[in-house]
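The values are calculated or read from the model by the stated rules, or taken from the named source; none is laboratory data. As the structure is a computational prediction, the values presented were derived from the model and not from experiment. Cβ sites come from the backbone with ideal geometry, for glycine too, and all protein chains shown count toward neighbours.
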Amino acid sequence: MKKVIALLFILNLLTNAQDRHYWDQSVGGRTALLGGIAVGGVRDYSATFYNPGALGFISRSKLSFNFNMYGIKDYRFVNGGGPGIDSRYTRVSLYPASLAGSLPFLGDSTNRFSYMIYANGYSYVRISERYEGYDDVIPTRPPLQPGNPNAFEGNELLLNQGKIDMLLSEVSVGFGYAKMISENVGVGITFIGAYRDQTKERYESYSAFDTTNQRAATTDLYIDIDYWAVRLSAKIGIAAEWDQLKIGATITTPSFAIKRASGGTDYASISSNNVYVDSSNNPIDILASDRQEGLPVSYKTPFSIAAGIEYDLFTDTKIHFAAEWFAPLSTYVVMQPESADFTRNNNVPEVYEHDSSELLKVYDSMKPVFNLGIALEQKLTAKVMGYAAFRTDFSNANYDEINGLYVGFTDFNIYHFTAGVSTELNDTFIGVGFEYSHGQRTDFPQIFNFPTGSAEPNDLVIPANRGTCEAYYNNFNLFFGVTQLL
């Protein structure tokens, strides 16, 4: 079953963005214009997310929200479908990013309570490719009956097609509390509950048609990893300010998965007809399939530590800096299927028989990440402020440490560039910004590889010998933020 196992692993070479990144979303009003570089200088209720220690410096009740008005995500994979076959997907997105405010019925002048709802992860991609051509995929076989021509001699007509669908959606709710421990220093904590919904589906079909004998060899593969999960974590923060300087630091705890508030579907199927032949040259059809629903899910996020500053560089100019280190997560099981026969044949060697509890186990693993960013805030006129920011967003994918199926799509680093303006009308802060994000890799695993490789005599399926391709990700996002003093 080595070829079957290898193909299942290959099905994990899926593509998308943001599911392996921590700093993809910047939320809030002013903080979104700063590109999320706000650990030190945040002074509205998005501090619930960035640094709860800063909540104590907010003197009045505020309601803050920002909205991604219009976004275009573009994925391009040069040779992603095979030599000379480029794959591309472009999608327009429109979705809310955050809503934050105070809990005015709680607290006093030195104690603050807040809430925040924010979308900290969303992505979707769909890629479909088809190939039709000629190549020699199936080895030549002797005729089944004397006098007939050899089977699969020379090139076969190849009909290959594949499709991937992937969705990630994550929404978090945070409740913050802060206390001023002196005139210049505040400490706080935010309790965070996150809901994650993730789907990975992939279908591939390979057909090699012997036009002389009118016989076909086919392989069909399908995999579906679909789950929703809830986890809890906490962020502890401290913030301080003086005349020209604001500083802050946070610690985020590892998350705790609530398995009772989760559910997953783990499904894989492989069927292969007229590819594998026994020692007597008799074709043996292969069927391997299992689907398990309602599995408990354990999805985790790691410990992190962050720090940031805001400094009045000049009278009308502020500079912001922030950095965050995320700890690694060793390989762990996200979904554990129950024991069942995955291979349904009883006429293949025992070495090809496998149990679903091992073959379909779903893993995750994260490598350490260090992100940093810088932002500039400049007064342009008496009523207009300008903003420019840059931040890194490095991938935490650690696929090399996983020997099996895994969650996640991507493994390339993203760089975000943000620019915008704001004004204040009476008691209302209004900001409009634009963000461009870019990521690329020259050695990204191919999505498909049409035409396929050649089947060896003992192969159970038509192999899909994948190489690498060039991957490019671009995102253009226009957003709108408002903070209203109440």
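Things worth noting here:
- Residue list for the stretch 294-329, restricted to those being small (G, A, S) and over 19 Å from I258 (Cα atoms): S304, A306, A307, G308, A322, A323, A327
- Some residue of the stretch 129-146 being closer than 30 Å to P104 by Cβ, surrounded by 14 or more Cβ atoms within 10 Å (Cβ to Cβ) and touching a Gly at 6+ places or on another chain (Cβ under 8 Å): no
- Considering only residues in the stretch 285-308 that are among the hydroxyl-bearing types (S, T, Y) and more than 30 Å from V185 (Cα to Cα), the one that is surrounded by the most Cβ atoms within 10 Å (Cβ to Cβ) turns out to be Y299.
- Options Y311, Y332, Y267; residue that is closer than 30 Å to E456 by Cβ, modelled with pLDDT of 95 or more, surrounded by fewer than 20 Cβ atoms within 10 Å (Cβ to Cβ) and not polar (S, T, N, Q): Y267
- Criterion: modelled with pLDDT of 95 or more and exposed (fewer than 15 other Cβ atoms within 10 Å of the Cβ) - qualifying residue of S339, S280: S339
- Residue in the stretch 188-206 that is more than 22 Å from D459 (Cα to Cα), modelled with pLDDT of 95 or more, more than 28 Å from the chain's Cα centre (by Cα) and not in a loop (DSSP other than H, G, I, E, B) present: yes
- Among residues that are touching a helix residue (DSSP H, G or I) at 6+ places or on another chain (Cβ under 9 Å) and in a strand (DSSP E or B), K179 is included.
- Which numbered condition F412 fails, given (1) of a type in the set (A, V, I, L, M, F, W, C); (2) buried (at least 16 other Cβ atoms within 10 Å of the Cβ); (3) part of a strand (DSSP E or B): (3)
- One residue stands out among those in the stretch 451-472 that are not aliphatic (A, V, I, L, M) and not in a loop (DSSP other than H, G, I, E, B): the one that is modelled with the lowest pLDDT, which is T468.
- Scanning the stretch 87-120 for residues that are of a type in the set (G, A, S) and surrounded by fewer than 20 Cβ atoms within 10 Å (Cβ to Cβ), we see that the one that is modelled with the lowest pLDDT is S93.
- Cross-chain or 6+ apart pairs with Cβ under 6 Å, the stretch 197-213 first and basic (K, R), then not in a strand (DSSP E or B): K200/L14; R202/L11
- The combined condition, being touching a strand residue (DSSP E or B) at 6+ places or on another chain (Cβ under 9 Å), hydroxyl-bearing (S, T, Y) and modelled with pLDDT of 95 or more, is not fulfilled by Y131.
- Counting only helices (runs of 4 or more DSSP H) wholly contained in the stretch 1-78, the ones carrying 2 or more residues that are within 30 Å of Y363 (Cα to Cα) and at pLDDT 65 or above occupy 47-50.
- A257 at pLDDT 95 or above, part of a strand (DSSP E or B) and under 30 Å from I374 (Cβ atoms): no
- When the residues of the stretch 415-432 are filtered to those that are buried (at least 20 other Cβ atoms within 10 Å of the Cβ), at pLDDT 95 or above and among the small types (G, A, S), the one that is farthest from F479 (Cα to Cα) is S422.
- Answer residue from the stretch 378-390, given it is surrounded by 15 or more Cβ atoms within 10 Å (Cβ to Cβ) and either modelled with pLDDT under 95 or among the hydrophobic types (A, V, I, L, M, F, W, C) (or both) and is farthest from the chain's Cα centre (by Cα) among those: M385
- Listed by first and then second residue, the pairs linking a residue in the stretch 468-486 that is within 17 Å of L34 (Cα to Cα) and β-branched (V, I, T) to a residue that is at pLDDT 90 or above and surrounded by fewer than 17 Cβ atoms within 10 Å (Cβ to Cβ), with Cβ atoms under 8 Å apart and 6 or more places separating them unless they lie on different chains, are V482/I430.
- Enumerated strands (runs of 3 or more DSSP E) restricted to the stretch 294-338, each holding at least 2 residues that are under 18 Å from the mean Cα position of the chain (by Cα): 329-335
- Meets criteria (within 25 Å of A323 (Cβ to Cβ), among the acidic types (D, E), in contact with a strand residue (DSSP E or B) (Cβ under 8 Å, 6 or more places away or on another chain) and surrounded by 15 or more Cβ atoms within 10 Å (Cβ to Cβ)) for D393: yes
- Residue in the stretch 368-377 that is at pLDDT 95 or above, farther than 19 Å from T250 by Cβ and either among the hydroxyl-bearing types (S, T, Y) or touching a strand residue (DSSP E or B) at 6+ places or on another chain (Cβ under 6 Å) (or both) present: yes
- Comparison of I270, I319, I305 shows that the only residue that is hydrophobic (A, V, I, L, M, F, W, C), touching a Leu at 6+ places or on another chain (Cβ under 7 Å) and without any contact (Cβ under 8 Å) to a residue 60 or more places away in the chain is I319.
- Contacts under 7 angstrom Cβ, first residue in the stretch 281-300 being of a type in the set (S, T, Y), partner not in a strand (DSSP E or B), 6 or more apart: S289/R344
- Residue check, D443 of a type in the set (D, E), exposed (fewer than 15 other Cβ atoms within 10 Å of the Cβ) and under 30 Å from A208 (Cβ atoms): yes
- Residues satisfying the stated conditions in the stretch 147-178, i.e. out of contact with any Phe, Trp or Tyr (no Cβ under 9 Å at 6 or more places or on another chain) and either aromatic (F, W, Y) or crowded, with 16+ Cβ neighbours inside 10 Å (or both): A151, F152, E153
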